[in-house]
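Data first, discussion second: the structure below is written as structure tokens.
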Amino acid sequence: MGTNYYVVPNRPSIAEPIHIGKSSMGWMFLFQDASELYREVPVVWHCYEDVEDWLYRHTVESEQYVIIDEYDEIISFDDFIELVARKQKQFKDNPDNFRYCRNVGGYRFEEGEFC
């Protein structure tokens, strides 16, 4: 079982949510590799540093977006970064971490749409 995380506009909007990735029990966080999948705003991230930088600029600096989970709970930038760091450390020894996804600098990335 896991929880998906998204970025959505920080105001009422019909814009499509931007899928950040998924946190699943026993695994490091799985990020969605984004190459302008979302037409409303340029989103290009292919490594963890890209994700962290984009989220910081759009959720902390400009407050244009907020991070939410699939249950519509708002997650602060700091709490999200802490979640990722905790999962990186806690599940780093799982031998299957990169069996079904790419290893990008020690972080899990999925290309294309999540199923």
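The values are calculated or read from the model by the stated rules, or taken from the named source; none is laboratory data. What you see is a predicted model, and the numbers here were worked out from it, not measured in a lab. Neighbour counts run over all protein chains shown; Cβ positions are idealised from the backbone, glycine included.
Assess whether Tyr56 counts as being at pLDDT 95 or above, loosely packed, with under 15 Cβ neighbours inside 10 Å and of a type outside the set (Asp, Glu). Against the criterion (at pLDDT 95 or above, loosely packed, with under 15 Cβ neighbours inside 10 Å and of a type outside the set (Asp, Glu)), Tyr56 qualifies. Only one entry of Val66, Val51, Val43 meets the criterion of being more than 25 Å from Gly105 (Cα to Cα) and crowded, with 16+ Cβ neighbours inside 10 Å, and that entry is Val66. Which is without any contact (Cβ under 8 Å) to a residue 24 or more places away in the chain and not hydrophobic (A, V, I, L, M, F, W, C), of Ser23, Ser62? Of Ser23, Ser62, the one residue that is without any contact (Cβ under 8 Å) to a residue 24 or more places away in the chain and not hydrophobic (A, V, I, L, M, F, W, C) is Ser62.
Identify the residue in segment 59-105 that is touching a helix residue (DSSP H, G or I) at 6+ places or on another chain (Cβ under 7 Å) and assigned to a loop (DSSP other than H, G, I, E, B) and, among all such residues, is farthest from Ala15 (Cα to Cα). So the residue we want is Gly105.
Counting the residues of segment 92-115 that are within 13 Å of Ser23 (Cα to Cα) and surrounded by fewer than 17 Cβ atoms within 10 Å (Cβ to Cβ) gives 1. For segment 1-25, a residue qualifies if it is part of a loop (DSSP other than H, G, I, E, B) and in contact with a helix residue (DSSP H, G or I) (Cβ under 9 Å, 6 or more places away or on another chain), and exactly one does: Asn10.
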